[in-house]
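Below is one structure, written out as structure tokens; the observations come after it.
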């Protein structure tokens, strides 16, 4: 696993809604730049979606 992936994964571990969206953008850019592979990008995107889903919609229901 790449250093970029590890850094983004760490950022997600205690991210709020805004940070999770930021990590999604950074993951897309890192993949485009060749810093992370497709699997790493997909894992980061799924993790970020979980954060967004858990914190973003938690107050609605």
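The values are calculated or read from the model by the stated rules, or taken from the named source; none is laboratory data. Everything numeric in this text was worked out from a predicted model, so none of it was measured. For neighbour counting, all protein chains shown are included, and Cβ atoms are generated from backbone atoms with ideal geometry for every residue, glycine included.
Annotations
- Matching option when the condition is modelled with pLDDT of 90 or more, buried (at least 18 other Cβ atoms within 10 Å of the Cβ) and out of contact with any strand residue (DSSP E or B) (no Cβ under 9 Å at 6 or more places or on another chain), among 26, 3: 26
- Taking the numbered list (1) at pLDDT below 95; (2) assigned to a loop (DSSP other than H, G, I, E, B); (3) surrounded by fewer than 16 Cβ atoms within 10 Å (Cβ to Cβ) in turn, residue 15 passes all entries but (3).
- Among the residues here, residue 44 qualifies as within 11 Å of the chain's Cα centre (by Cα), in a helix (DSSP H, G or I) and modelled with pLDDT of 95 or more.
- Here the condition is being assigned to a helix (DSSP H, G or I), at pLDDT below 95 and out of contact with any strand residue (DSSP E or B) (no Cβ under 8 Å at 6 or more places or on another chain); of 53, 59, it holds for 53 alone.
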